[in-house]
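These notes are about the structure you will find just below.
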Amino acid sequence: MVRTIEWVDGKVRMLDQSRLPVDVAYIDCSDYLKVAEGIQKLWIRGAPAIGIATAMGIALAAQDIAAAGYDEFTKKIEPVYAALLATRPTAVNIRWAVDRVRRFLAQHREEGVPRLKQMLVEEGQRVLDEDIRINRAIGEWGAQFIRDGDTVLTHCNAGSLATGGYGTATAPMLVAREQGRRFSVIADETRPVLQGARLTAWELMQEGIPVTLITDNTAGALMKRGEINLAIVGTDRTVLNGDVANKIGTYTVAVLCREHGIPFYVAAPMSSIDFSIPTGDQIPIEERPAEEVTHVFGTCRIAPEGVKVRNLAFDVTPARYVTAIITEKGAFRPDDLKRLSEPGVNIDALRIRL
Ligand code: MRU
């Protein structure tokens, strides 16, 4: 399993995903601004992974804070939260991690500052370890949807690289394989940054799962030929009514799936579900630099100089296109998502089982 991020010798070590698959290189971040830069420049990317980077980035910043007590310490940490929150707007996991650290500090306000610093490092590690366990649980609930002989379409990268390990969309694949089923995967290349080609294809090949790479505009043709049985994707933010924000092009895949009667599944850790937003219309959508579209690998121009570009990094798939949302608590119909946050709800009654 590929290690995306680790705390090593007082630094945050991240695999530089912008260089994959050509180079497997790591970057050691010794301050939180470097972590923020890594999130912005996609050295680390994928919603859960940037949540982990946020928790570890805060722990890193905390080590350099000189403060006499809790109030001064938490005041001085505020700009760190702000810098990390400003990096990428769509994935809710950054805010989730900031909120988690805030709550954690509030629960331990009686501790001295040196102890709090150490505890934040441990909390960052806990976020990473929990993420791996959560993804494994997503795999266990989601594996039922992959039958022997199936071909699974996926978009972008929601694999190990996008998480602490195991991946979200890839977890059901890994568990289905453990359960002895044979299947193959089709990876959309995922323009413009090519997470499907560079990352998902690379990762699945390392895992020994048969994978075929296609251009994004090939998916419809293969569905029409009956060559795709189901789609599983990740999410950056899924909201109360079951609308799903994910990598640009996901909406197209979902609509194509509906047209061809193909189930469309979303693997979503609870950390990617934002119960505070009623519908997908309120999700902030990141727009990234034009160069990602006009150039390949930042150096080779493929469009005329000065051309106008729109580079939306994410889109929103309405809940009506989603067959099920697979979380660590089970797989649910998108309409039932809001009930998960209700106190005393019988979760088992809401779970989908095939
Ligand atoms: O821009 P990216 O590469 O961070 O986009 C990633 C995705 O869209 C993933 O599908 C999503 O974050 C889920 S990762 C488990």
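The values are calculated or read from the model by the stated rules, or taken from the named source; none is laboratory data. Not measured: the values here are computed from a predicted model. Cβ coordinates were reconstructed from backbone atoms using ideal geometry, including for glycine residues, and neighbour counts include every protein chain displayed. Heavy atoms of the whole protein, side chains included, go into the accessibility calculation; ligands, DNA and RNA do not. Shrake-Rupley method; radii C 1.70, N 1.55, O 1.52, S 1.80 Å.
Taking Gly344 as the residue in question, decide whether it is loosely packed, with under 13 Cβ neighbours inside 10 Å and either within 22 Å of the chain's Cα centre (by Cα) or not assigned by TED's automatic domain parsing to the domain that holds Ala91 (or both).
On the way: loosely packed, with under 13 Cβ neighbours inside 10 Å: yes; either within 22 Å of the chain's Cα centre (by Cα) or not assigned by TED's automatic domain parsing to the domain that holds Ala91 (or both): yes.
Against the criterion (loosely packed, with under 13 Cβ neighbours inside 10 Å and either within 22 Å of the chain's Cα centre (by Cα) or not assigned by TED's automatic domain parsing to the domain that holds Ala91 (or both)), Gly344 qualifies.
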Restricting the search to the stretch 325-349, which residues are farther than 21 Å from Arg133 by Cβ, touching a helix residue (DSSP H, G or I) at 6+ places or on another chain (Cβ under 9 Å) and among the hydrophobic types (A, V, I, L, M, F, W, C)?
Leu337, Val345
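Would you mind finding the one in Trp96, Trp43 that is of a type outside the set (A, V, I, L, M), in contact with a Ser or Thr (Cβ under 8 Å, 6 or more places away or on another chain), in contact (Cβ under 8 Å) with a residue 24 or more places away in the chain and more than 26 Å from Val239 (Cα to Cα)?
Trp43
Conditions tested, residue by residue: (1) closer than 28 Å to Ala245 by Cβ; (2) under 15 Å from the mean Cα position of the chain (by Cα); (3) among the polar types (S, T, N, Q).
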site	(1), (2), (3)
Gly51	yes, yes, no
Gly57	yes, no, no
Gly69	no, no, no
Lys75	no, no, no
Leu85	yes, no, no
Go through Asp148, Asp131 for me and flag whichever is crowded, with 24+ Cβ neighbours inside 10 Å and either farther than 24 Å from Asn93 by Cβ or touching a Gly at 6+ places or on another chain (Cβ under 9 Å) (or both).
Asp131
Selection over the stretch 161-200 where residues are more than 14 Å from the ligand (Cβ to nearest atom) and open to solvent by 10 Å² or more (accessible area, probe 1.4 Å) yields a count of 9
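Does the stretch 229-238 contain any residue that is over 17 Å from the mean Cα position of the chain (by Cα), open to solvent by 10 Å² or more (accessible area, probe 1.4 Å), under 30 Å from Phe183 (Cβ atoms) and at pLDDT 95 or above? If you could, list the steps in order and put the result at the bottom.
Of the residues in the stretch 229-238, the ones over 17 Å from the mean Cα position of the chain (by Cα) are 229-230.
Narrowing further to those that are open to solvent by 10 Å² or more (accessible area, probe 1.4 Å): 229.
With under 30 Å from Phe183 (Cβ atoms) added as a condition, the list becomes 229.
Next, only the ones that are at pLDDT 95 or above stay: 229.
Yes - at least one qualifying residue is present in the stretch 229-238.
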